[in-house]
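Everything on this sheet refers to the single structure shown next.
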Amino acid sequence: IDFILYLSELSTLTGKVEYVKLARVWMAENALKHGPISLKSISIATWAMWFAAEGDLKLAERFGKLSLEMASKIKEQSAFFRLHTKMLYDSYCLHWKNPYHNTLPTWISTNENVLEQGYTEALAFGMLGYSSVYFCSGLNLAPLERDLQNSYENLSDYGYTLDRDRLGPILQLVHNLMGKSEEPNVLTGEVMDVDKLAKEYSGDHEQEEILRSIWLARMVLSYYMGEYPDAYAMAKKLNAFTEALPSVLLPFQTFFHACACFAMARSSSMKKQKFKREGSKLVVRFETWVSGGAINCLHMLKLLKAEQLSLTSNKGDEVQRAYDDSIAASARIGFLQDRSLANERAGLYFLDMGDTERAASYLGNARDLYEVWGAMAKVRRLDDDHRSLFGVSQFQRTPSRGGAALRAKEGLKDIHDRMAVSTEDRQKLNELRFSQRLRDEFPKS
């Protein structure tokens, strides 16, 4: 069983999908027959992970809950395995049937348990899980930046260099989006130098997850900044590892991969069909997830379908209805960043069609929503790229159909209050001081 655990870990880190699945099944078989209950609970949790990745969310939920039930019977001296099972469930199962923002209190609780029980090796994993879910939730970026910065500094102070570097790419991504980097298009700044970090871990198969974090952050940043070829290149690098580690970021990563494909199809006449086919295959995967009840994927699917339609239809009203549908779906559950993105993509479509009136309306809405999200680098980019469209006072534009009327500048705080901090659980997030608990529990000697 120890050998199988090592094989599973090594295969995951190197992206050998076929060996990961073989090792997990082999481990489960041996653990269920001969192993202690601690390994049985972890084995069942990993099975739940694979069922979810394949789109069988009902079976994934069933196995996930079974793993928690088995973990609850683990003796106190093996509490690490109970916590490990819980973190596997939180990372790979919980988010499929629950809105991202509703799972954040669970992540906070799990991270507090990590600190209380002294499992320092799980700190970075817990913080990565929390920060990934927070980013996907579309809540204001400022609290996330604060918590990531504190955790990054504390891990560095305590000599956890590897764990610190795992947090570096997402922290630098947030810095860039918020406008805290001199070159917002490049994943380099106060936190890290992307080329230096990539070179440091290049060729180290056991630490390729850090390279994956870099590629993921670069893909997202490049797409938001309109650098579609780089976003697509990063998506292709990540593709080999998607199945190896189907975490909470799997739908997120797949979404941006598909978005990059459709953006490349729109901008490349020679390879339009190639990119369109690749993106369409990813849409089918979203359809599988949504049909299984993946609540966080519905609005993504609607935006991807609107992007698909924009490549084939010259009927502006039909395409507008598709984009409006995706905007409404994003707003309904509170995905502010995706609502912004849907407005932006609609605006760019109408700009290509020569319909400057509708383009200005959608792009103006996108700009305002990005400002509420806290992505000031994106706001400045839109201002620079579309200054002529925003000749009219940007707070007097007619709102697009499907989106709620945007307020005047002085009303933006009210929008933030409703969308970013709308429930008691969300309010707790702004008070979260995860890294402060680290200082309290593990004071320097």
(request) For L94, state whether it is open to solvent by less than 10 Å² (accessible area, probe 1.4 Å) and aliphatic (A, V, I, L, M). (result) no
(request) Would you mind finding the one in A217, A258, A233 that is of a type in the set (A, V, I, L, M, F, W, C), farther than 24 Å from K97 by Cα and open to solvent by less than 10 Å² (accessible area, probe 1.4 Å)? (result) A217
(message) Take the conditions in a helix (DSSP H, G or I), closer than 26 Å to D338 by Cβ and open to solvent by 10 Å² or more (accessible area, probe 1.4 Å) and apply them to T106. Does it pass?
(response) yes
(message) S267 - would you say it is touching a residue at least 24 places away in the same chain (Cβ under 8 Å), buried (at least 21 other Cβ atoms within 10 Å of the Cβ) and among the hydroxyl-bearing types (S, T, Y)?
(response) no
(request) Please state which of the following conditions N314 fails to meet, knowing it meets all the rest: (1) part of a helix (DSSP H, G or I); (2) over 18 Å from G226 (Cα atoms). (result) (1)
(message) Any residue at all in the stretch 354-366 that's open to solvent by 40 Å² or more (accessible area, probe 1.4 Å) and among the small types (G, A, S)?
(response) yes
(request) Of all residues in the stretch 379-404, count the ones that are closer than 16 Å to S330 by Cβ and at pLDDT 95 or above. (result) 0
(message) Report every pair of residues separated by at least 6 positions or lying on different chains whose Cβ atoms are under 7 Å apart, first residue within the stretch 80-91 and within 10 Å of A122 (Cα to Cα), second outside any helix (DSSP H, G or I).
(response) F80/Y119; L83/Y119
(message) Checking D56 against (1) under 30 Å from P169 (Cβ atoms); (2) open to solvent by 40 Å² or more (accessible area, probe 1.4 Å), only one condition comes out false. Which one?
(response) (1)
(request) Go through (1) open to solvent by less than 10 Å² (accessible area, probe 1.4 Å); (2) more than 26 Å from L68 (Cα to Cα) and name the single condition G159 misses. (result) (1)
(request) Output the number of residues of the stretch 162-177 satisfying the condition of being crowded, with 18+ Cβ neighbours inside 10 Å and closer than 18 Å to L211 by Cβ. (result) 11
(message) Is it the case, given these coordinates, that P99 is surrounded by fewer than 18 Cβ atoms within 10 Å (Cβ to Cβ) and touching a residue at least 40 places away in the same chain (Cβ under 8 Å)?
(response) yes
(request) Answer with yes or no whether S202 is out of contact with any Phe, Trp or Tyr (no Cβ under 9 Å at 6 or more places or on another chain), buried (at least 21 other Cβ atoms within 10 Å of the Cβ) and hydroxyl-bearing (S, T, Y). (result) no
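For every residue, the table says whether it meets (1) open to solvent by 20 Å² or more (accessible area, probe 1.4 Å); (2) at pLDDT 95 or above; (3) assigned to a helix (DSSP H, G or I); (4) in contact with an Asp or Glu (Cβ under 9 Å, 6 or more places away or on another chain).
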| position | (1), (2), (3), (4) |
| --- | --- |
| K237 | yes, no, yes, no |
| A244 | no, no, no, no |
| T288 | yes, no, yes, yes |
| L304 | no, yes, yes, no |
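The values are calculated or read from the model by the stated rules, or taken from the named source; none is laboratory data. These numbers were taken from a predicted model, which means no experiment stands behind them. Here Cβ is always computed from backbone atoms with ideal geometry, including for glycine, and neighbour counts include all displayed protein chains. The protein model used for the area step is the full one, side chains on, heavy atoms only, and it has no ligands, DNA or RNA in it. Shrake-Rupley method; radii C 1.70, N 1.55, O 1.52, S 1.80 Å.
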